[in-house]
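Here is the structure we will look at, set down as C-alpha coordinates.
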(Lines give C-alpha, C1' and ligand atoms only; values in the text may rest on other atoms or scores of the structure.)
Protein backbone atom coordinates (compact mmCIF):
# COMPACT_ATOMS: atom_id res chain seq x y z
CA UNK A 1 0.00 0.00 0.00
CA UNK A 2 1.42 3.39 -0.97
CA UNK A 3 1.43 6.48 1.23
CA UNK A 4 -1.27 8.01 -0.95
CA UNK A 5 -3.42 4.88 -0.72
CA UNK A 6 -3.50 5.02 3.08
CA UNK A 7 -4.51 8.70 2.98
CA UNK A 8 -7.38 7.93 0.61
CA UNK A 9 -8.41 4.88 2.66
CA UNK A 10 -8.24 6.81 5.95
CA UNK A 11 -10.31 9.70 4.56
CA UNK A 12 -13.05 7.36 3.34
CA UNK A 13 -13.02 5.43 6.63
CA UNK A 14 -13.13 8.59 8.76
CA UNK A 15 -15.92 10.15 6.66
CA UNK A 16 -18.04 7.03 7.05
CA UNK A 17 -17.84 7.12 10.86
CA UNK A 18 -20.30 9.17 12.94
CA UNK A 19 -18.84 12.49 14.13
CA UNK A 20 -19.15 11.67 17.81
CA UNK A 21 -17.56 8.23 17.42
CA UNK A 22 -14.62 9.62 15.45
CA UNK A 23 -14.08 12.39 17.98
CA UNK A 24 -14.16 9.94 20.88
CA UNK A 25 -11.83 7.56 19.07
CA UNK A 26 -9.29 10.31 18.41
CA UNK A 27 -9.42 11.52 22.03
CA UNK A 28 -8.93 7.98 23.34
CA UNK A 29 -6.16 7.19 20.85
CA UNK A 30 -4.20 10.33 21.72
CA UNK A 31 -4.60 9.77 25.46
CA UNK A 32 -3.47 6.14 25.16
CA UNK A 33 -0.60 6.91 22.78
CA UNK A 34 0.62 9.79 24.93
CA UNK A 35 0.36 7.61 28.05
CA UNK A 36 2.80 5.20 26.39
CA UNK A 37 5.08 8.06 25.30
CA UNK A 38 4.09 7.43 21.68
CA UNK A 39 5.88 4.10 21.83
CA UNK A 40 6.53 2.61 18.42
CA UNK A 41 6.82 5.95 16.63
CA UNK A 42 10.28 6.87 15.33
CA UNK A 43 11.36 10.48 15.94
CA UNK A 44 10.79 11.44 12.31
CA UNK A 45 7.20 10.17 12.51
CA UNK A 46 6.60 12.13 15.71
CA UNK A 47 7.52 15.27 13.80
CA UNK A 48 4.57 14.59 11.51
CA UNK A 49 2.30 13.69 14.43
CA UNK A 50 3.17 16.99 16.15
CA UNK A 51 2.53 18.93 12.94
CA UNK A 52 -0.85 17.20 12.50
CA UNK A 53 -1.93 17.84 16.10
CA UNK A 54 -0.84 21.50 15.88
CA UNK A 55 -2.77 21.90 12.62
CA UNK A 56 -5.91 20.37 14.18
CA UNK A 57 -5.65 22.82 17.10
CA UNK A 58 -5.24 25.77 14.71
CA UNK A 59 -8.19 24.57 12.61
CA UNK A 60 -10.34 24.40 15.75
CA UNK A 61 -9.17 27.81 16.98
CA UNK A 62 -9.93 29.43 13.63
CA UNK A 63 -13.31 27.69 13.53
CA UNK A 64 -14.18 29.09 16.95
CA UNK A 65 -13.40 32.59 15.69
CA UNK A 66 -15.94 32.04 12.89
CA UNK A 67 -18.55 30.55 15.24
CA UNK A 68 -18.12 26.94 14.15
CA UNK A 69 -19.58 24.12 16.22
CA UNK A 70 -17.76 21.01 15.06
CA UNK A 71 -19.78 18.65 17.25
CA UNK A 72 -23.17 19.45 15.78
CA UNK A 73 -22.89 21.48 12.61
CA UNK A 74 -21.24 20.93 9.23
CA UNK A 75 -19.08 23.98 8.65
CA UNK A 76 -16.92 23.33 5.60
CA UNK A 77 -17.18 23.05 1.86
CA UNK A 78 -16.16 19.40 2.26
CA UNK A 79 -19.05 18.27 4.50
CA UNK A 80 -18.72 15.23 6.70
CA UNK A 81 -21.89 13.99 8.43
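The values are calculated or read from the model by the stated rules, or taken from the named source; none is laboratory data. The structure presented is a predicted model; accordingly, all values stated were derived computationally and were not measured. When we count neighbours, we look across all protein chains shown, and the Cβ atoms used for this are built from the backbone with ideal geometry, even at glycine.
Figures for the structure shown
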item	result
Among (1) free of Cβ contacts under 8 Å to residues at least 40 places away in the same chain; (2) surrounded by 10 or more Cβ atoms within 10 Å (Cβ to Cβ); (3) in a helix (DSSP H, G or I), the one test that residue 69 misses	(3)
Pair list, Cβ < 8 Å and 6+ apart or interchain, from segment 20-34 residues that are without any contact (Cβ under 8 Å) to a residue 24 or more places away in the chain to residues that are part of a helix (DSSP H, G or I)	22/14; 30/53
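Here's the yes/no breakdown for (1) surrounded by 11 or more Cβ atoms within 10 Å (Cβ to Cβ); (2) modelled with pLDDT under 90:
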{"residue": "24", "(1), (2)": "yes, no"}
{"residue": "37", "(1), (2)": "no, yes"}
{"residue": "40", "(1), (2)": "no, yes"}
{"residue": "45", "(1), (2)": "yes, no"}
{"residue": "50", "(1), (2)": "yes, no"}
{"residue": "57", "(1), (2)": "no, no"}
{"residue": "74", "(1), (2)": "yes, yes"}
